[in-house]
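Q: Shown below is the structure under consideration.
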Amino acid sequence: MSATEKTADTMTKRQRWAALALLSAGLVMITIDMTILFIALPKLTAELHSTTTEQLWIVDIYPLILAGLLIPMSAVADRIGRRKALLIGFTLFGLVSLLVLFATSSAMVIGLRAMLGVAGALIMPTTLSMVRSIFTDPMERTRALAIWSMFAEVGAIIGPLVGGTLLEFFSWHAAFLINVPVAVVVVILGLILLPEARDPNPPRWDFLAVAYSIAGMVTIVWGIKTAEKHNWVDLTAWGVLLAGMLLIALFVVRCLRSSEPLLDVRLFTSKPFTAGIIVALTTSLAMGGIMLLLAQWLQIIAGYTPLLAGAALMPMILGSLVSSLLAPEAARYIGARNVVGLALVIAGGGMLLLGAMGNLTSYWQLITPMLMVGVGLGSLVIASAIIMGSTPVAKAGNAAALEECTYELGDVLGIAIIGSVAAASYRANLPVGGLGKPLADAAQESLVGALSVARDLSLPDLAAQAVTAFNTGIVQASLAGGVIILLAAVVVFMMVPKDFDIAATER
């Protein structure tokens with residue numbers, strides 16, 4: 001049987017797990033791209049002389065475009081075939097990554113990151129929906145989804161480690177070029193291993209719904225970024241944010257009124273599904289900002305090289321790996337709700353512990369909180385199993401798009417909201433009297449700016465005060481993140497039935 005004729009029903013067990021390995025490897029590449037620039041950004045921006053605004057867009061444009069296109073691209077995959085969409089996405093991802101060799105300005109890097117977001121939007125929900133389609137046995141599917149989720153988390157966590165390793169030996173271009181060989185391998189093996197899958201009755205293409213979804217997501221994220229830049233007091237930013245919410249509301253209403261909706265938003269009538277989405281949003285929101293802050297602390301304050309800064313995040317990686325492998329079996333004995341709830345409590349406790357540290361003076365203070373957060377996040381693979389296990393196979397693309405969209409929106413919200421908490425605390429605790437407005441603004445803009453002013457003016461006290469203010473910002477951000485995650489735990493216990501069995505669920 002040719003690859004184009006292969007379907008999930010004809011695959012052997014070995015072929016199914018080989019397909020999962022390939023999908024997971026490709027997923028790691030996509031999720032690494034979300035965080036790899038946390039470490040590469042200082043070198044990149046120094047060479048290209050990027051402004052503060054350009055630096056933000058270099059980091060945020062990828063998840064922004066990806067989030068905006070997840071729903072439409074998922075609909076495209078359901079129509080043309082998920083395997084075909086996946087291979088097109090990886091081909092585009094590899095080609096765009098190669099073009100970084102010709103990037104000579106921040107604007108060009110931003111454009112390339114935007115194109116990578118388009119390719120990622122084709123790939124991310126498709127990998128998840130294909131896992132749902134390939135593994136029809138509930139118990140096998142639970143294990144497969146756990147492995148998929150583990151790789152998604154590990155990819156995001158090891159992004160700084162991979163970036164640090166590459167930057168130890170190569171230029172910042174390597175943070176992009178690493179995608180090329182992975183994309184080539186996935187496309188070649190995907191033609192051989194992956195079956196085709198699509199919605200047997202795809203809805204008609206609704207251009208207005210597509211416009212609503214893209215414009216709504218992009219406008220919401222842009223409004224959040226603008227509001228964060230102006231300390232959440234800019235009326236224009238709030239107007240943009242409200243306009244984005246209105247567009248999403250129009251999208252939802254249009255889908256509800258349609259007999260063939262672009263996205264089946266009625267999936268949210270399932271309480272377990274909704275709880276899983278809330279968990280995905282809150283955990284990614286809480287972690288998005290903290291990861292960036294810790295990467296900055298390790299390099300700027302602790303003085304670690306990019307490689308050591310990435311390696312310093314290993315406790316979180318190890319905790320996530322161990323717990324994600326144990327979570328499915330734990331769910332069999334104590335229930336999915338208890339596993340997810342306990343995971344959230346552990347992760348939230350780790351964030352609160354980091355906040356309770358006060359002034360951070362040593363890396364060793366970070367190890368226990370990072371390990372706790374990693375253990376907690378690793379166990380959240382069950383949340384993904386709840387989402388996909390509560391969804392019919394035909395609607396796997398819809399569920400995958402919603403889950404991935406939630407993660408992306410959570411990352412952007414995390415950088416904006418949690419980052420705003422840290423930035424506001426930093427500015428409030430940094431005395432800049434007597435510096436004059438230009439120098440005071442530079443010092444309050446960022447820790448790097450304050451250290452630069454202190455160095456140029458030979459003001460060691462200002463440097464020490466800036467470090468203390470930055471540490472206080474991390475503390476406040478960690479406390480906020482911990483509270484958010486613990487609130488998500490309450491939601492899980494309220495919305496997921498005690499006897500919910502992810503291995504037996506077929507809906």
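The values are calculated or read from the model by the stated rules, or taken from the named source; none is laboratory data. Fair warning: this is a prediction, and the values are worked out from it, not measured in the lab. All Cβ positions, even for glycine, are placed from backbone atoms using ideal geometry, and neighbour counts span all protein chains on display. Each accessible area value is taken on the protein alone, full model and side chains, heavy atoms only, with ligands, DNA and RNA left out. Shrake-Rupley method; radii C 1.70, N 1.55, O 1.52, S 1.80 Å.
Q: Quick check on the stretch 18-33: of everything there that is over 15 Å from the mean Cα position of the chain (by Cα) and open to solvent by 10 Å² or more (accessible area, probe 1.4 Å), which residue is nearest to residue 173 (Cα to Cα)?
A: This residue is 25.
Q: List the number of the failed condition for residue 284; all other conditions in (1) in contact with a Phe, Trp or Tyr (Cβ under 9 Å, 6 or more places away or on another chain); (2) outside any helix (DSSP H, G or I) hold.
A: (2)
Q: Would you mind stating whether residue 268 is part of a helix (DSSP H, G or I) and open to solvent by 60 Å² or more (accessible area, probe 1.4 Å)?
A: When the stated conditions are applied, residue 268 passes them.
Q: Let me ask you something else. Identify all residues within the stretch 343-378 that are among the β-branched types (Val, Ile, Thr) and part of a helix (DSSP H, G or I); write none if there are none.
A: 345, 346, 367, 368, 373, 375 - these are the residues of the stretch 343-378 that are among the β-branched types (Val, Ile, Thr) and part of a helix (DSSP H, G or I).
Q: Now, a different point. Can you tell me which residue within the stretch 239-282, out of those that are hydroxyl-bearing (Ser, Thr, Tyr) and touching a helix residue (DSSP H, G or I) at 6+ places or on another chain (Cβ under 6 Å), is farthest from residue 220 (Cα to Cα)?
A: It comes out as 274.
Q: Could you look through the stretch 398-421, keep only residues that are more than 26 Å from residue 265 (Cα to Cα) and of a type in the set (A, V, I, L, M, F, W, C), and pick out the one that is farthest from the chain's Cα centre (by Cα)?
A: 421
Q: Right, another one. Taking the stretch 445-464, which residues are open to solvent by 50 Å² or more (accessible area, probe 1.4 Å), of a type outside the set (Val, Ile, Thr) and under 19 Å from residue 421 (Cα atoms)?
A: Answer for the stretch 445-464, where residues must be open to solvent by 50 Å² or more (accessible area, probe 1.4 Å), of a type outside the set (Val, Ile, Thr) and under 19 Å from residue 421 (Cα atoms): just 445.
Q: What is the number of the single condition among (1) closer than 18 Å to residue 176 by Cβ; (2) in contact with a Gly (Cβ under 9 Å, 6 or more places away or on another chain); (3) surrounded by fewer than 24 Cβ atoms within 10 Å (Cβ to Cβ); (4) modelled with pLDDT under 80 that residue 118 does not meet?
A: (4)
Q: Going through 336, 327 one at a time, which residue ends up being more than 16 Å from residue 373 (Cα to Cα), modelled with pLDDT under 85 and not polar (S, T, N, Q)?
A: Just a single option satisfies the conditions, and that option is 336.
Q: Return the residue satisfying two criteria in turn: it lies in the stretch 76-115 and is hydroxyl-bearing (Ser, Thr, Tyr) and within 25 Å of residue 43 (Cα to Cα), and of such residues it is surrounded by the fewest Cβ atoms within 10 Å (Cβ to Cβ).
A: 104
Q: Among residues belonging to the stretch 364-398 that are surrounded by fewer than 24 Cβ atoms within 10 Å (Cβ to Cβ) and either at pLDDT below 75 or basic (Lys, Arg) (or both), point out the one that is nearest to residue 339 (Cα to Cα).
A: 390
Q: Identify all residues within the stretch 274-317 that are of a type in the set (Gly, Ala, Ser) and open to solvent by less than 20 Å² (accessible area, probe 1.4 Å); write none if there are none.
A: Once the filter is applied, which keeps residues that are of a type in the set (Gly, Ala, Ser) and open to solvent by less than 20 Å² (accessible area, probe 1.4 Å), the stretch 274-317 yields 275, 276, 280, 284, 286, 288, 289, 295, 309, 310, 312.
Q: Would you mind stating whether residue 156 is open to solvent by 20 Å² or more (accessible area, probe 1.4 Å) and either modelled with pLDDT under 75 or in contact with a Cys (Cβ under 8 Å, 6 or more places away or on another chain) (or both)?
A: Yes, satisfied.
Q: Also, quick follow-up: Quick test for you: out of 424, 428, pick the one residue that is more than 17 Å from the chain's Cα centre (by Cα), in contact (Cβ under 8 Å) with a residue 60 or more places away in the chain and surrounded by fewer than 21 Cβ atoms within 10 Å (Cβ to Cβ).
A: 424
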